[in-house]
């Protein structure tokens with residue numbers, strides 16, 4: 001049984017193998033997403049992360065959920081050598097992503113009369129005036145045991161690369177533990193499966209372009225056990241800024257969108273956080289992404305701007 005509803009600026013989808021548990025599971029998912037939003041949303045003035053920004057330069061004890069989200073974000077930065085960095089908040093804001101994406105998209109569509117053109121029109125960091133490099137995750141002072149944080153003045157956090165994935169991980173585990181049935185949580189392409197899957201596995205449809213399902217034999221995959229998939233892309237969360245098309249993924253090294261190489265990158269991993277960390281880093285890396293993923297033994301499917309498809313070892317053959 002399946003249900004879906006808007007949350008965290010995307011669509012939350014939930015599938016359970018026991019129809020009798022759907023209402024219970026949906027309530028647990030809604031509660032988890034509400035908690036993540038209250039802790040981590042940079043668009044809410046009453047969120048905990050907004051209060052942390054207001055207290056920049058001071059030591060602050062944060063709540064358990066924001067502490068977990070910060071620990072996850074800093075781990076992602078460390079494991080990727082800063083390719084995924086939570087201190088890109090100011091850069092993302094300056095590119096125009098300064099409110100819920102539904103509002104950004106509404107303004108975009110009203111101005112253009114239609115969604116922006118194909119992904120090939122996205123300009124990347126190699127060919128345009130950009131922003132400034134992110135301040136750097138290493139500047140954040142954080143004691144996870146005591147949940148104490150000192151955020152330097154002028155540093156603005158954006159946990160978008162990891163908080164939604166963390167929500168998928170937490171929700172799937174919580175629902176499976178409470179309902180005792182197979183569970184699949186999908187938060188806008190961040191998927192986590194927990195418990196026993198249905199016969200044949202969880203059937204996941206992959207779209208080369210989030211806006212258009214491409215009829216290819218390799219655009220679906222089956223998850224036959226607990227695990228995660230995450231897709232990062234440059235074709236859905238896009239808008240016009242300063243006469244060019246930009247998107248929501250920022251290269252921390254430049255403070256701008258990365259040079260265009262991939263439309264979407266999908267990665268399989270044990271957790272959604274790990275999958276999304278890798279898929280985001282791959283988009284930032286560009287041409288070097290396949291080798292980077294191979295070196296970390298991560299199965300992945302990368303779709304280029306021109307439609308070329310590259311897979312890494314472990315990705316199911318079509």
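Tabulated data for the structure shown
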| read-out | value |
| --- | --- |
| Conditions (1) at pLDDT 75 or above; (2) over 22 Å from residue 71 (Cα atoms); number of the one not met by residue 214 | (1) |
| Looking only at the range 235-270, and only at residues there that are at pLDDT below 90, over 14 Å from the mean Cα position of the chain (by Cα) and not in a loop (DSSP other than H, G, I, E, B), the one that is nearest to residue 289 (Cα to Cα) | 256 |
| Subset tally (residues that are in contact with a helix residue (DSSP H, G or I) (Cβ under 9 Å, 6 or more places away or on another chain) and assigned to a loop (DSSP other than H, G, I, E, B)) for the range 293-306 | 5 |
| Hey, residue 290 at pLDDT 95 or above and assigned to a loop (DSSP other than H, G, I, E, B) or not | no |
| Some residue of the range 4-16 being at pLDDT 95 or above and either within 30 Å of residue 295 (Cβ to Cβ) or assigned to a helix (DSSP H, G or I) (or both) | no |
| Among residues of the range 307-318, those that are surrounded by fewer than 18 Cβ atoms within 10 Å (Cβ to Cβ) and either in contact with a helix residue (DSSP H, G or I) (Cβ under 7 Å, 6 or more places away or on another chain) or assigned to a helix (DSSP H, G or I) (or both), counted | 2 |
| Residues being surrounded by 18 or more Cβ atoms within 10 Å (Cβ to Cβ) and either at pLDDT 95 or above or assigned to a helix (DSSP H, G or I) (or both) - total across the range 171-201 | 21 |
| The range 127-170, residues that are in a strand (DSSP E or B) and surrounded by 14 or more Cβ atoms within 10 Å (Cβ to Cβ) | 142, 148, 149, 150 |
| Single residue of the range 258-277 satisfying the filter (under 15 Å from residue 225 (Cβ atoms) and touching a helix residue (DSSP H, G or I) at 6+ places or on another chain (Cβ under 6 Å)) that is surrounded by the most Cβ atoms within 10 Å (Cβ to Cβ) | 272 |
| Which listed residue, of 88, 72, is crowded, with 17+ Cβ neighbours inside 10 Å and modelled with pLDDT under 95 | 88 |
| Test: residue in the range 17-31 that is modelled with pLDDT of 95 or more, outside any helix (DSSP H, G or I), surrounded by 14 or more Cβ atoms within 10 Å (Cβ to Cβ) and in contact with a helix residue (DSSP H, G or I) (Cβ under 8 Å, 6 or more places away or on another chain) | yes |
| Residue match in the range 58-77 (condition: in contact with a strand residue (DSSP E or B) (Cβ under 8 Å, 6 or more places away or on another chain) and in a loop (DSSP other than H, G, I, E, B)) | yes |
| The range 217-234 - residue that is surrounded by 16 or more Cβ atoms within 10 Å (Cβ to Cβ), part of a loop (DSSP other than H, G, I, E, B) and over 18 Å from the mean Cα position of the chain (by Cα) and, of those, modelled with the highest pLDDT | 226 |
| Filter pass, residue 207 being within 17 Å of the chain's Cα centre (by Cα), assigned to a loop (DSSP other than H, G, I, E, B) and at pLDDT below 95 | yes |
| Qualifying residue in the range 271-284 (condition: outside any helix (DSSP H, G or I) and either at pLDDT 95 or above or more than 17 Å from the chain's Cα centre (by Cα) (or both)) | yes |
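To keep it simple, each residue is scored yes or no on (1) free of Cβ contacts under 8 Å to residues at least 24 places away in the same chain; (2) on the phi > 0 side of the Ramachandran plot; (3) under 22 Å from the mean Cα position of the chain (by Cα).
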position: 9; (1), (2), (3): no, yes, yes
position: 15; (1), (2), (3): no, no, yes
position: 18; (1), (2), (3): no, no, no
position: 22; (1), (2), (3): yes, no, no
position: 44; (1), (2), (3): yes, no, yes
position: 61; (1), (2), (3): no, no, no
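The values are calculated or read from the model by the stated rules, or taken from the named source; none is laboratory data. Please read these numbers as outputs of a predicted model, since none were measured by experiment. Please note: Cβ atoms are built from the backbone with ideal geometry, for glycine as well, and neighbour counts cover all protein chains shown.
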